[in-house]
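Visitor: Before we start, here is the structure in question, set down as structure tokens.
FYI, it's all coordinate maths here, none of it is from the lab. None of these values were measured; they are calculated from a predicted model. Every residue, glycine as well, gets a Cβ built from its backbone with ideal geometry; the counts of neighbours run over all protein chains shown.
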Amino acid sequence: MSIEKALEKASLAESLGSAKRSNSIVDNQTESTHPNDAFDAFFLTDDNNGNANAHSSNVGEKNIERFNWEFLHEHGFIDPSVGHMKIAEEFRSIKRPIMSNALGGIEKGIERSNLILVTSSVPGEGKTFSAINLAISIAAERDKQVLLIDADVAKPSVSRVLGIKRTPGLIEYLEGNKIDFSDIILQTEIAGLRIVPAGKAHQFSTELLASNKMINLSRELSERYADRIVIFDSPPLLAATQAEVLSSMVGQVILVIEAEKTAQNIVMEAVKKLESCDVVLALLNKTQRSMDMNYYGYGQY
Ligand SMILES: Nc1ncnc2c1ncn2[C@@H]1O[C@H](COP(=O)(O)OP(=O)(O)OP(=O)(O)O)[C@@H](O)[C@H]1O
Ligand SMILES: [Mg+2]
């Protein structure tokens with residue numbers, strides 16, 4: 001298995017200790033459908049102008065989320081307006097097999113191949129960093145539409161990193177019938193990139209993520225808009241059940257592994273939770289190839 005090779009390559013160190021697994025996935029939601037126009041408001045408005053190097057959009061100015069590029073630069077994120085960035089190069093090769101699966105899902109027999117979950121075994125391995133960079137990298141391509149969903153609802157980081165303050169988000173949408181899906185989608189200054197924030201903290205967020213409404217949402221996102229890429233940022237697999245629940249709703253899982261830190265047995269414990277997934281890709285993060293820059297290895301399970 002190439003994930004083992006990838007782990008070997010990263011010469012993973014000491015065990016970080018065992019993590020609890022809870023099997024209590026409760027569904028307390030009733031079946032729900034989505035009016036087509038709510039989805040179309042997001043998906044059928046193709047305002048990607050195809051200019052890969054611009055921070056731009058055709059949506060009304062006041063509704064556009066603008067990013068703090070200085071902060072993002074400082075923290076190693078891709079800026080599509082900058083010509084040559086090492087991180088952009090790295091994500092160009094990281095995204096290649098992901099996009100090939102996403103767009104060739106039917107031929108490859110991968111269901112929901114355009115839905116991509118970014119997770120890891122334990123906290124802090126670089127999920128949010130990778131999810132945002134992957135989203136920016138794909139969205140910067142001509143004619144590509146990406147929806148980045150912050151599904152780490154207990155510890156929302158996509159909004160924090162990107163400086164997004166607006167609500168409601170995924171939790172409010174899942175909680176009731178008052179909010180349409182189109183209400184929680186934010187257009188950003190990168191024309192092909194939209195974001196769904198996590199929303200408010202909720203006592204039953206795990207149950208909401210496992211609900212029929214969430215299942216219907218993921219089905220809708222995969223069936224009607226197979227050419228659009230949906231990326232979910234999530235919590236670690238061994239810390240809570242959310243990521244495992246979400247993994248059953250997506251076609252591809254990216255398992256971010258902090259190289260030289262996360263122990264192999266920990267990673268394999270996480271991989272076991274993904275056994276039913278069609279595609280699990282291992283992304284080695286924070287390797288020591290260079291003092292200042294991070295190298296990404298890549299493997300397929
Ligand atoms: N390749 C990288 N290069 C530079 N900084 C990185 C890299 N990967 C992660 N980081 C930084 O490491 C920290 C942890 O990363 P991140 O928040 O993405 O992890 P996470 O897995 O999402 O954590 P959590 O489990 O808490 O959600 C952040 O400050 C992030 O900017
Ligand atoms: Mg995170």
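Visitor: Translational D (Stokes-Einstein, µm²/s) of region 110-176 at 25 °C and 0.890 mPa s when Rh comes from the Kirkwood sum over C-alpha pairs?
Guide: D, rounded to a whole number, is 182 µm²/s.
Visitor: Using per-residue counts of other Cβ atoms within 10 Å, averaged over each peptide, order 63-70, 247-254 from highest down.
Guide: So the order, starting with the most tightly packed, is 247-254, 63-70.
Visitor: In addition: Whole-Hz Karplus ³J(HN,Hα) for region 177-188, in order, using 6.51 cos²θ - 1.76 cosθ + 1.60 and θ = phi - 60°, x for Gly and Pro?
Guide: 3J(HN,Hα) across region 177-188, in whole Hz: 10, 7, 10, 7, 4, 5, 5, 9, 9, 10, 7, 10.
Visitor: Please compute the Kirkwood hydrodynamic radius over region 166-244, one decimal place, Å, based on all pairs of different Cα atoms.
Guide: 13.6
Visitor: Can you list residues from other chains, or at least 5 along the same chain, whose modelled amide H is less than 5 Å from the amide H of Glu258?
Guide: Asn285
Visitor: Given the C-alpha centroids of region 199-277 and region 81-108, what is the distance between them in whole angstrom?
Guide: Taking the Cα centre of region 81-108 as reference, the centre of region 199-277 is 20 Å away.
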